[in-house]
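Data first, discussion second: the structure below is written as structure tokens.
The values are calculated or read from the model by the stated rules, or taken from the named source; none is laboratory data. What you are looking at is a predicted structure, and each value in this text was computed from that prediction instead of being measured. Neighbour counts run over all protein chains shown; Cβ positions are idealised from the backbone, glycine included. In case anyone asks, the SASA skips ligands and DNA or RNA and just uses the protein heavy atoms, side chains included. Shrake-Rupley method; radii C 1.70, N 1.55, O 1.52, S 1.80 Å.
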Amino acid sequence: MSAHGISGDGPLVVLASTRAVLTLPDDSLVLTPATITLSAATGKIISIFPAVLPKTSFPSTATYHDYSPRLLLPGIVDAHVHLNEPGRTEWEGFYSGTRAAASGGVTTVIDMPLNAIPPTTTLSGFKEKLAASRGQCWVDVGFYGGIIPGNASELLPLVEAGARGFKGFLIESGVEEFPAVSSTDIALAMTTLKDTPTTLMFHAEMIPPIADSVGDAVLHSEPPLAPHGELSRYSTFLESRPPAFETYAVEQILSLAELAPDLHLHIVHLSAIECIPILKKARQDGINITAETCFHYLGLSSDNIEDGDTRHKCCPPIRSQTNQDRLWAELSADDGCIKTIVSDHSPCTPELKLLPEHLQHAEEDTYQTNMHHSDSGIDMSLPKYSIDTAISLKVEGQGDFFAAWGGVSSVGLGLPILYTAATTRAAQGDTVPSIVDIVRMCSQATAKQVGLGHRKGGLKVGMDADVCVFDDDDVWTLHTGDMRWKNKCSPWEGHTFRGRVQETWLRGQKVFELGGANAGFVGARPVGEAIVEKRTE
């Protein structure tokens, strides 16, 4: 077989392997041998052959790579990442966050609207975000807008500017510039966006009428439920955030869904399995609602979290092994409501994690006293821990799950986390997602969720030439030096994984090569772009 008839702008790039996950014309996925030709000039996939063709099949000017037997996968689309720039760039920024993404086969990230200052809740805030991103992105970046009280008039202008969707919190976000929404705000957002091709997403935690609740004080400083036990015990933290927080919020959203029957509703970072039958029933009733879960809920469980290890704090919390087992089962269910898997990369400076001394690294020798001391999910600080005493907190609050900032750093680790856990479960006889299913949930479905299914999330002629080369036999352990994000603090440190990304190609250009020069980052400058095309799907 010869491919000499192929033409394109500029020299061809040819990637081949005995195993590639391709998108068929009907959008189904298949694992098959393949040879894929790319154009770095147009950034698109030119052709795909369902076999491994030799180098002699192509012009002598073509760049040819046969990666057999490693996997060729479409670039991961991580639809939930906090990059935090501008305003809290010491937590994370476009440059470091997108480098971390590129090192893990992620070719597109969608930036969350909060934790930056200003947040992406106005058109002017969006423009500041775009200006800050310019020239810094190693992968392509899209942007969500935010839903907060009083900004309904900004939503359609944000759609016109290219926002990929919108997110709101049903409980305080922990940063004062992004307050929670009421049912009135939700209803207004739904009616405003009901005829728009977008996704309305919710951090689905809400204070139910529980007798032991501290009530409205949760909106300011106190934990939602009065803690019963030592504050350094993970069990104390977990008990303060029961599944009812999630189910109550989901039911509130569903009670308003009739206001916008065609609008895509989405629950971010689903943790509690108690939400699953509620969401399934809603979908059976015709409500257009989906959910995502996160790598940390699928790979970590409360059963194995040591007291004081606040690297594991996030909201909603990491729950039990039994809960995790049910999440995995839902991923394989024919009628599953969990359609996507994301990182929810939500970093901060290591000091704000209030780690015990044995978990601190030598480089953590300064403390940022000007940082807002709160939680990316909910402000959980106790009254005795004020911002004015941040320095003493480093000693007095060590290991305190209620005072530490919540959020897990993991962008770029998704493939190893999922593949390792799935392989382990399969060896135990469990039914688990295949590599094709992982591509569907982490690339294809996430791209469609944000209106980019026409160009991202698949290996198909005409789509962006975003390719991940994945070695599923590589066994390795994550150390701090392997963390590409800005602050080297993650509960995944020390975990051993099976499977590692070897190369990442963005729009026909290699941007990462494991073990290569410049820490593996190819090229003198980032080539990622801000995605600002108006959403049409």
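Among the residues that make up the stretch 480-494, is at least one of them modelled with pLDDT of 95 or more and over 29 Å from HIS269 (Cβ atoms)? No, the stretch 480-494 contains no residue that is modelled with pLDDT of 95 or more and over 29 Å from HIS269 (Cβ atoms). For the stretch 146-160, taking the residues that are touching a Phe, Trp or Tyr at 6+ places or on another chain (Cβ under 8 Å) and in a helix (DSSP H, G or I), the one that is surrounded by the most Cβ atoms within 10 Å (Cβ to Cβ) is identified as LEU158.
Where strands (runs of 3 or more DSSP E) fall wholly inside the stretch 29-116, the ranges with 3 or more residues that are among the hydrophobic types (A, V, I, L, M, F, W, C) and buried (at least 19 other Cβ atoms within 10 Å of the Cβ) are 29-39, 71-74, 76-81, 106-111. Looking at the stretch 343-453, the helices (runs of 4 or more DSSP H) lying wholly inside it that each contain 1 or more residues that are touching a Phe, Trp or Tyr at 6+ places or on another chain (Cβ under 8 Å), over 21 Å from HIS80 (Cα atoms) and at pLDDT below 80 sit at 390-396.
Among the residues examined, LYS129 qualifies as charged (D, E, K, R), modelled with pLDDT of 95 or more and open to solvent by less than 10 Å² (accessible area, probe 1.4 Å). I'd like the full set of residues that are within 19 Å of the chain's Cα centre (by Cα) and assigned to a loop (DSSP other than H, G, I, E, B), limited to the stretch 479-512. Those that are within 19 Å of the chain's Cα centre (by Cα) and assigned to a loop (DSSP other than H, G, I, E, B): MET483, ARG484, TRP485, LYS486, ASN487, LYS488, CYS489, SER490, PRO491, TRP492, GLU493.
Looking only at residues of the stretch 494-535 that are out of contact with any helix residue (DSSP H, G or I) (no Cβ under 9 Å at 6 or more places or on another chain) and over 24 Å from ILE46 (Cα atoms), we find that the one that is most open to solvent (accessible area, probe 1.4 Å) is ARG525. Among the residues of the stretch 161-189, those identified as open to solvent by less than 10 Å² (accessible area, probe 1.4 Å) and in a loop (DSSP other than H, G, I, E, B) are GLY162, ALA163, ARG164, GLY165, ILE171, SER173, GLY174, VAL175, PHE178. Selection of the stretch 466-489 for residues being surrounded by fewer than 24 Cβ atoms within 10 Å (Cβ to Cβ) and aromatic (Phe, Trp, Tyr) yields only TRP476. The set of residues in the stretch 192-208 being open to solvent by 10 Å² or more (accessible area, probe 1.4 Å) and among the acidic types (Asp, Glu) consists of ASP195 alone.
Checking each residue in the stretch 450-465 for being at negative phi, open to solvent by less than 10 Å² (accessible area, probe 1.4 Å) and touching a Lys or Arg at 6+ places or on another chain (Cβ under 8 Å) picks out VAL450, LEU452, ASP464, ALA465.
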